[in-house]
Amino acid sequence: MAFRMSAILNLAVGPIRLAALAAAAGAGALAVLALGGAFSRWLDVLTHFAPLYALVCLAAILLRLATGLDGGRLTYAVAAAGLAAALALIAPDALAALKQRPAAPAGETLKLIQFNLWNENRDPEAAARWLAAQDADVVVLEEANDVAARVPHLLKAAYPYQTTCAPPWPCSTRILTRRPPSAFAGLQGAVSPYRLSAAWVTLGEGDKAFTVAGTHYTWPVPPGPQQSQMRRMRQALAGFDPSSLILAGDMNSTPWSFALRRQDRALGLVRRTHGLFSWPAAPFAHGRLRSPLPFLAIDQVYAGRTWRTVSVTRGPYLGSDHFPVVVVL
């Protein structure tokens, strides 16, 4: 019996080693190609999956080690190269996260929730109940249309001031506040795919006034439209005081992408969300696929340098394909 088991294991060694090499080669090649995102918008699409490349390369190394220490140099070399490339993409955001030390909630704080509701939300009532219970000062919503349009409607009593991206008509991006804004406007463009689903509100008066903007960028594929929306967003915000400005939204772009890095530099704001994986929360690809954990960090919150970060957390599953992001400043 022991001899038979040993023979079976020996037969399995070859395929396992081949699988480890194939996994390392595939993930490693994609990670190395993703570095070209610094020069190519098409290759920049690959950067969004950098954490997955790192995990696959690490798994390939462990799988190869599990089959014995003899040989395997090619697998180790390919996996190490891929792991190094993936970590090079992730490292800047990881370092920024380490530098962002939580501030004590002394003085006046602002609680903001950023949440893509998903227009096919499976439980809008639960989403509305949770949002009301959070008692946030500002709620920035995307895809607040179709089924999800019930959420801002149910929150009307708690958040009577609701600014849309195309006032006075409702649209998919909305900013909800408890107190009336001193100024507001929608930023929706007229031409698809360059339409910008965004809005802004200014709260407070005089020296204590600050502006909150919300936006929803399109997917990074095909390259071009998302970058155009980013440029238009920067232009729209150029007239506001960057020291107190806040920008939140579903940006469909991860911190390890070169597109988001360029936006980070151009905005003059500090991104407060680092490696906060927010998608997918629900089955995706029309319900055919399900992930045990979110693997894309695409919901972002920025704030000017006069704001200090108290906390950044991810909310629970609320019927959307995104998790909400809760930021206290």
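The values are calculated or read from the model by the stated rules, or taken from the named source; none is laboratory data. This one's a predicted model, so the numbers in the text were calculated from it and none came from an experiment. Don't worry about glycine lacking a Cβ; one is built from the backbone with ideal geometry, like all the others, and counts go over all protein chains shown. Only protein heavy atoms, including side chains, enter the accessible area calculation; ligands, DNA and RNA are left aside. Shrake-Rupley method; radii C 1.70, N 1.55, O 1.52, S 1.80 Å.
General remarks:
- Considering (1) open to solvent by less than 30 Å² (accessible area, probe 1.4 Å); (2) more than 18 Å from residue 302 (Cα to Cα); (3) at pLDDT 95 or above, the lone condition that residue 176 does not fulfil carries the number (2).
- Evaluation of residue 267 against the conditions (1) open to solvent by 20 Å² or more (accessible area, probe 1.4 Å); (2) under 15 Å from residue 214 (Cα atoms); (3) out of contact with any Pro (no Cβ under 9 Å at 6 or more places or on another chain) shows that the sole unmet condition is (3).
- Failed criterion for residue 282 (all others in (1) surrounded by fewer than 22 Cβ atoms within 10 Å (Cβ to Cβ); (2) under 26 Å from residue 34 (Cα atoms); (3) within 18 Å of the chain's Cα centre (by Cα) hold): (2)
- Among the candidates 144, 136, 96, 103, residue that is within 20 Å of residue 282 (Cβ to Cβ), of a type in the set (Gly, Ala, Ser) and touching a residue at least 12 places away in the same chain (Cβ under 8 Å): 144
- Scope the stretch 135-160; condition part of a strand (DSSP E or B) and surrounded by fewer than 16 Cβ atoms within 10 Å (Cβ to Cβ); matching residues: none
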